[in-house]
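The values are calculated or read from the model by the stated rules, or taken from the named source; none is laboratory data. Keep in mind that what you see is a predicted model, and the values were worked out from it rather than measured. Glycine gets a Cβ as well: all are built from the backbone with ideal geometry, and neighbour counts include every protein chain shown. Ligands, DNA and RNA are excluded from the accessible area calculation, which covers all protein heavy atoms including side chains. Shrake-Rupley method; radii C 1.70, N 1.55, O 1.52, S 1.80 Å.
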Amino acid sequence: MRKALWIALRVVAVVVLAAAVLGVWKREEIVRLMAVNSLFAEDKITANFSHMDRLFLTRPLSRGDRPVSSLPEGPALTLPEGAGGWIAARSVTALVVLKGGRLVHESYYRGTGPEDLRISWSVAKSFLSGLFGIVLAEGKIASLDEPVTRYAPTLAGSAYDGATIRHVLNMAAGVAFNEDYLDYGSDINRMGRVLALGGSMDGFAAGLTVRAAAPGTYWHYVSIDTHVLGMVIAGATGRDPAELLAERIIQPLGLEAEPYYLTDGDGTAFVLGGLNMRSRDYARFGQMILQKGEWQGRQIVPADWIDASTRPSAPGGALYGYQWWIPENADGDVMARGIYGQYIYISPRHDTVIVVNAADRGFEEPGVDAENVAMLQAIAAAR
């Protein structure tokens, strides 16, 4: 009996020690997982969106040593009627407006300020589109109709096997993917937990094996398509897409502050939605797009790619281009859009760029996106 008790105590001691060691080893992963689970909590969301580096693995994007590009001030903009109520109702945290390349409005809310590095969410997709256009123009990729597996061979045998680059640019790869952010068990939230626990985004993409439709059949917004686009860029160039983005877009723009990406456990940038930068720097990117890829005398993104990527080209008449959204009745307007109310709205007809950052927990409610676009169009038309 005494011997059995001694053995039992030893087993308990070993289990307790193992648990303690595992707890220390996995502490960071557990903390990140807890952060994901409370990322959008009402009392935390605003601060979280300005300090994502406290919650996730990150890597900086070098802004280089170029001087900060100026945003000269213009005459103050009078916001349209109803803007104040909209700002409050939609939990807007930043609103920056450029007209004719001049800063005509800048305001911050909910305790945030101009120096906050704010999460892009899917606005980052449009940055990657610009980088892809540069890579394509340099001849690293022969055609949009090449299979993604040519440049990302680890996707062979996955649901992406047979999809082309054009398909992923258009969000038409046919992969079965649940993008419901409010469903804990959805694919998009499973992906978020992979990111939080330091897993592999490449592995997550390769592990998707179910198709909802044949590639190119219909438009279905699937965020992981953009990660596959990043894998294609990496395979075509032999370069890290984050480093390329910093070199080809971030540094030439002369940003105010060094941005950063969220990353997975391998250090791979979360290119589909993990960019963090100041609101004014988002505006600089938008102004460059408005100017057909030109910035201060330098062509950063090819003009023909800007034209091609910002017009509707997705199957079924969807108002989506190559990682850009086209509003209804846009008359040439285009936008980068992210969950919880992030926008870069570009209106060539009004020579206007509008950046909105927000922490809108009601962003998926019926009619909210249409309300946001209507307000953005009103701001673009205002004087």
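Below is a table of values for the structure above.
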| quantity | calculated |
| --- | --- |
| At R0 = 56 Å, FRET efficiency that the Cβ-Cβ distance of V210 and S69 yields, to 0.05 | 0.75 |
| Probe 1.4 Å - accessible area at S313, Å² to nearest ten | 50 Å² |
| Distance in nm between pseudo-label sites at E364 and T217 (7 Å out along the Cβ direction from Cα) | 2.4 nm |
| Extension reserve of the Q296-A137 stretch, reckoned as 0.36 nm per residue once the Cα distance is removed | 55.2 nm |
| Most to least accessible of D116, D202, D331, D360 (protein chains only, probe 1.4 Å) | D331, D202, D116, D360 |
| Spacing of the two label points (7 Å from each Cα toward its C-beta) at Y181 and D145, in nm | 3.6 nm |
| T112 accessible area, assembled protein chains, probe 1.4 Å, Å² | 20 Å² |
| Nearest 10 degrees, 0 to 90: helix 27-37 Cα axis against the chain principal axis | 50 degrees |
| Listed residues Y184, T352, A35: farthest to the positive end of the dipole of the chain (Cβ charges) | A35 |
| Dipole moment magnitude, nearest 20 debye, segment 50-207 about Cα centre, only Lys, Arg, Asp, Glu C-beta charged | 260 debye |
| Length released on extending from A303 to S62, taking residue separation times 0.36 nm less the Cα-Cα span | 84.3 nm |
| Residue-averaged 222 nm ellipticity for the chain, from DSSP H runs of 4+ at -39500 (n - 2.57), nearest 500 | -10500 deg cm²/dmol |
| Long-range HN-HN contacts of Y260 with modeled amide H, under 5 Å | L61, N276 |
| Debye, to nearest 20: dipole size of the chain, +1 on Lys, Arg Cβ, -1 on Asp, Glu Cβ | 1040 debye |
| Residue-level accessible surface for F40, protein heavy atoms, 1.4 Å, Å² | 50 Å² |
| Top positive-direction residue, dipole computed over the chain with Cβ charges, set G139, S120, Y320 | S120 |
| Using θ = phi - 60° and Karplus 6.51 cos²θ - 1.76 cosθ + 1.60, couplings along segment 256-264 (whole Hz; Gly, Pro as x) | 6, 9, 5, x, 8, 10, 6, 9, 8 |
| In Hz, Karplus ³J(HN,Hα) per residue of segment 103-114 (6.51, -1.76, 1.60; θ = phi - 60°; x = Gly, Pro) | 6, 10, 7, 8, 8, 10, 9, 6, x, 9, x, x |
| For the chain: lysine pairs under 28 Å (alpha-carbon distance), excluding those fewer than 8 apart on one chain | 7 |
| Built amide H within the under 5 Å cut-off of R118, gap 5+ | M277, R278, S279 |
| P(r) of segment 25-68 over all Cα-Cα pairs, binned every 10 Å from zero, in whole percent | 25, 39, 23, 12, 1 |
| Surface accessible to a 1.4 Å probe, per residue, for the residues of the chain, Å² | 42 Å² |
| The chain - percent of accessible surface contributed by carbon and sulfur, probe 1.4 Å | 55 percent |
| Chain lengthening between D43 and E243 when straightened (0.36 nm per residue, less Cα-Cα) | 68.5 nm |
| Within a Gaussian network of the chain (alpha carbon springs, distance under 10 Å), most fluctuating of S158, S129, S223 | S158 |
